[in-house]
């Protein structure tokens, strides 16, 4: 792997891309919630043997949604950490610049 010198633009680009990724994940999760609600309503109106199967599928999908939501929350935490790193890099750059002036 080629080593590149530190560049704040690279970190800013990473933060931007991760924000976009997190936003898209939450968009999918919101659509999934609506779809899951429709499936539960459909399952409730179905005859008993099909109803219980569909409710089981809905419960499994709900569990998958919960796991994906936890992952998306983790991505949000990751972005927050990247922003903190960016702020620290900016502080260090300011200190180095001030030191060079002195």
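Values in this text are rule-based calculations from the coordinates and carry no lab data. Keep in mind it's a predicted model, so treat the numbers as computed, not measured. Quick reminder, even Gly has a Cβ in these numbers, built from the backbone with ideal geometry, and neighbours come from all protein chains shown.
Summary of computed values
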| quantity | calculated |
| --- | --- |
| Degrees separating the helix 8-45 axis from the principal Cα axis of the chain, which is the longest one | 10 degrees |
| Label of the coordinate-derived value, semi-axes √(5λ) of the Cα gyration tensor in Å, listed as (1) 49, 11, 9; (2) 34, 11, 10; (3) 23, 14, 11 | (1) |
| The chain, helix-only ellipticity at 222 nm - DSSP H runs n ≥ 4, -39,500 (n - 2.57), divided by all residues, nearest 500 | -33500 deg cm²/dmol |
| Ranked packing of 34-41, 45-52, most packed first, by mean Cβ within 10 Å | 34-41, 45-52 |
